[in-house]
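Bear in mind these aren't lab numbers, they're just calculated from the coordinates by the rules spelled out. The structure presented is a predicted model; accordingly, all values stated were derived computationally and were not measured. Because the Cβ atoms are built from the backbone with ideal geometry, glycine has one as well, and the counts that use them run over all protein chains shown.
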Amino acid sequence: MQYKELHEKYESLLKLQTEKQLLLSSLPSGYISKKRISKNSYSYLQKRTNGKVTSVYVKDCDLKSIEHDLSLRAEIEGELQSIDDEISKLEDAARLISKKTHQTMMVSRRCIKMDALPKDRRQASLLFAGAMTALEGVPASGSVDEQLGKWVLGEQSFSKSYKSTLKKYNLE
């Protein structure tokens, strides 16, 4: 596998991992338990939260849907484990190839994770970054602020501003 193919495979796995994680976050977690009270059967979605088991009553009309979602969740968790294993193998291979190849992959990882942030969290992330750089005395340039503003709005990828900044300071 050529280095370019290695990097493309890595990025596609990261994107797939991110998509699966986003889907997973929209699915319920836990398990269905059934209780019999006075000859009637009741279903509950149970899960452990902060060390305590919580139960939420599930209406009969919603039971099949929730069971399907829990099954889908288990399937996606298995897929994520396989994806994580493959990503680890590619990162190990990159380390063996060269430090530069591995660093390039880590830049891709950061950028893809930033692009996966919902738009409402992007603004908070940008405000936090601004506060941190202000503490360090290294404010972002006007062009970087402009590019990051476009990223917050979803008009461009995070990698465009990140990589151009790395290039500007010969860190690429």
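Odds and ends about this structure:
- Between Tyr57 and Leu96, the simple spin-label model (points 7 angstrom out along Cα→Cβ) gives 5.8 nm.
- Along each principal axis, Cα extent of region 118-172, largest first, Å: 31, 25, 16
- Rounded to the nearest Hz, the phi-derived 3J(HN,Hα) couplings of region 12-24 under the Karplus curve 6.51 cos²θ - 1.76 cosθ + 1.60 (θ = phi - 60°) are 5, 5, 5, 5, 5, 4, 5, 4, 5, 5, 5, 5, 4, where x marks glycine and proline.
- Residue with peak Gaussian network fluctuation, the chain [Cα springs, cutoff 10 Å], from Ile37, Ile87, Ile66: Ile37
- Net length available on complete extension from Phe128 to Lys39 is 26.4 nm, with 0.36 nm assigned per residue and the Cα-Cα distance removed.
- In the frame of its principal axes, region 71-136 has Cα extents of 40, 40, 15 Å, reported largest first.
- The GNM of the chain, with springs linking C-alpha atoms under 10 angstrom apart, assigns the highest mean-square fluctuation among Ser125, Ser108, Ser157 to Ser125.
- Of interest is the spacing of the C-alpha centroids, which for region 1-28 and region 97-172 amounts to 19 Å.
- Backbone phi angles across region 93-109, fed through the Karplus curve with coefficients 6.51, -1.76 and 1.60 (θ = phi - 60°), yield HN-Hα couplings of 5, 5, 4, 6, 5, 5, 4, 4, 4, 5, 4, 4, 5, 5, 5, 4, 4 Hz in residue order; Gly and Pro are listed as x.
- Between Tyr31 and Thr49, the modelled label-to-label distance comes to 1.9 nm, taking each label 7 Å out from Cα in the direction of the beta carbon.
- The chain: Rg to Rh, with Rh as the Kirkwood radius over Cα pairs: 1.12
- Inter-probe distance in nm under a simple model that places probes 7 Å from Cα toward Cβ, at Gln103 and Lys4: 2.2
- Relative to the Cα centre, the charge distribution of region 118-172, modelled as +1 at Lys and Arg Cβ and -1 at Asp and Glu Cβ, gives a dipole magnitude of about 180 debye.
- Per residue, the chain reaches -23500 deg cm²/dmol at 222 nm when only DSSP H runs of four or more residues are counted, each adding -39500 (n - 2.57).
- Listed residue pairs exceeding 28 Å between alpha carbons, taken from Lys64/Lys113; Lys59/Lys119; Lys15/Lys150: Lys64/Lys113; Lys59/Lys119
- Phi to ³J(HN,Hα) by Karplus 6.51 cos²θ - 1.76 cosθ + 1.60 over region 67-75, Hz, x for Gly, Pro: 4, 4, 4, 5, 5, 4, 4, 4, 4
- Relative to the longest principal axis of the Cα atoms of the chain, the long axis of helix 142-152 makes an angle of roughly 20 degrees.
- Here the extension length gained between Lys167 and Glu19 equals 50.4 nm, from 0.36 nm per residue of separation less the Cα-Cα distance.
- Its relative contact order, with pairs defined as Cα atoms under 8 Å and 6+ residues apart, puts the chain at 19 percent.
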